[in-house]
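Read through the structure below, which is laid out as structure tokens, and then see the notes.
Nothing in this text is a laboratory measurement; each read-out follows from the coordinates by a stated rule. Because the structure is predicted, anything quoted here is derived from the model rather than measured. Every residue, glycine among them, receives a Cβ derived from its backbone with ideal geometry; neighbour counts consider all protein chains shown.
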Amino acid sequence: MSLPAVTAVIPVRMSDVCHADGTPKVLLGGRPLWTYTIEAAVQSSLLKRIIVAADDARFYDHLKPYPRLEHPVVRPPHLSASDRTTLDVLAYVSASLGEGGYTPDYYMLLEITHPVRPDAIIDRLIEIVAGNAYDSVFTAYVASYNYWYETEEGDFARVQVKSGHTRSPMYQEMIGLASLFRPALLKTDDPYGPKVGIVPIKRLEGLIDARDENGLWLAEQYLAAQAVRNSKTGKR
């Protein structure tokens with residue numbers, strides 16, 4: 001089985017993670033938040049390239065301990081605005097590298113606000129697309145509850161299952177945990193494309209998002225509990 005060429009992109013907004021003097025603003029377990037995602041990427045044996053796309057060149061001073069990382073682009077300030085997404089950053093990196101003649105089979109998005117990932121999830125996604133012609137693949141948290149949504153009129157309506165079908169699980173998209181996109185589709189209004197693959201995450205890792213104080217606290221608790229489990233089993 002031939003594996004696709006996959007380049008990981010880790011977006012970083014300097015103002016989110018560093019003080020004005022460049023020191024880390026957000027620590028988790030005594031370490032800068034970004035180290036967890038960077039180390040998960042570096043540990044992958046299947047990623048061809050790993051690119052950190054920061055909006056301030058000063059951030060790259062923090063990456064010296066990781067010689068495998070690349071930072072050929074500094075994303076422009078407008079991509080750090082509140083109305084822009086990490087997919088916008090991914091599209092910018094793809095376009096910038098494409099102008100230089102580099103186009104991998106897929107780009108992988110990894111967000112630093114997901115410091116806790118299932119073991120080997122990065123390589124697992126790459127192996128999945130190797131055997132399937134997916135346009136995109138992303139992780140999603142699985143929940144088998146009844147869901148409601150607010151209508152345009154301000155009322156609430158229940159998400160209905162087709163008549164005759166048993167209740168199916170709902171999938172909460174978590175593309176920042178790990179996701180893959182074809183470069184050509186990143187230029188379009190539908191970066192997911194028509195053929196989508198979802199990798200269900202049923203454990204707590206699928207919900208931890210450290211972009212606010214509550215999420216950071218949850219990540220701290222999870223990592224502390226994980227350290228206790230590892231000490232009992234001898235795992236590092």
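Would you mind calculating the gained length between PHE156 and LYS187 on full extension (0.36 nm times residue separation, minus the Cα-Cα distance), in nm to one decimal?
On the way: separation 31, 0.36 × 31 = 11.16 nm, distance 3.53 nm.
Contour length minus Cα-Cα distance gives 7.6 nm.
Give, to the nearest whole percent, the P(r) tail of the stretch 1-81 beyond 14 angstrom, counting all Cα pairs.
Value for the stretch 1-81: 63 percent of Cα pairs lie more than 14 Å apart.
Normalised radius of gyration for the stretch 90-157, please: alpha carbon Rg relative to 2.2 N^0.38 Å, two decimal places.
Its radius of gyration relative to the 2.2 N^0.38 Å reference: 1.62.
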- Highest-fluctuation residue, TYR134, TYR149, TYR66 considered, GNM on the chain with Cα pairs under 10 Å: TYR149
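What translational D, rounded to a whole number of µm²/s, comes out for the chain from Stokes-Einstein when the hydrodynamic radius is the Kirkwood one over Cα pairs, at 10 °C and 1.306 mPa s?
Details: Rh = 19.2 Å.
The estimated diffusion coefficient comes to 83 µm²/s.
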- Message: Beyond a 31 Å Cα-Cα separation, which of these cross-linked pairs lie in this structure: LYS48/LYS195; LYS64/LYS195; LYS48/LYS187?
- Response: LYS64/LYS195
- Helix-only [θ] at 222 nm, the chain, -39500 (n - 2.57) per DSSP H run of 4+, per residue, nearest 500, equals -7500 deg cm²/dmol
- Among bridges DSSP assigns within the chain, what percent are antiparallel (round to 5)? 45 percent
- Task: For an R0 of 25 angstrom, estimate the FRET efficiency from the Cβ-Cβ distance between ARG211 and VAL142 and round to the nearest 0.05.
- Result: 0.70
- Task: Work through the residues other than ILE175 whose Cβ is under 12 Å from its Cβ and net out their charges, Lys, Arg +1 and Asp, Glu -1.
- Result: -3
- Note on the structure: The base-10 log of I(q)/I(0) that the Debye equation returns for the stretch 180-236 at q = 0.22, 0.26, 0.27, 0.28 Å⁻¹, one scatterer per C-alpha, is -0.88, -0.99, -1.01, -1.04
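Quote to one decimal, in nm, the extra length available between ASP16 and ALA224 on full extension: 0.36 nm per residue of separation minus the C-alpha distance between them. Display every interim value, and only then the final one.
Numbers: separation 208, 0.36 × 208 = 74.88 nm, distance 2.38 nm.
Value of the extension gain: 72.5 nm.
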- According to the Kirkwood expression over distinct Cα-Cα pairs, how big is the hydrodynamic radius of the stretch 42-129, in Å? 14.4 Å
- Message: Can you report the principal axis dimensions of the stretch 131-231 using only the alpha carbons, biggest first, rounded to whole angstrom?
- Response: 48, 39, 28
- Under 15 Å Cα to Cα from LYS202, which aspartates and glutamates show up? Leave out anything in the same chain fewer than 8 places away. ASP119, GLU173
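Whats the longest run of the chain with zero GluC sites (Glu not before Pro) that are DSSP loop and have at most 16 other Cβ atoms within 10 Å? Present the calculation step by step, with values, prior to reporting the outcome.
On the way: sites that count: GLU152, GLU153.
The longest uninterrupted stretch comes out as 1-151.
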- Item | Choice from LYS25, LYS64, LYS48 with maximal GNM fluctuation in the chain (Cα, 10 Å cutoff) | LYS64
- Item | Antiparallel content of DSSP bridges confined to the stretch 1-109, in %, to 5 | 20 percent
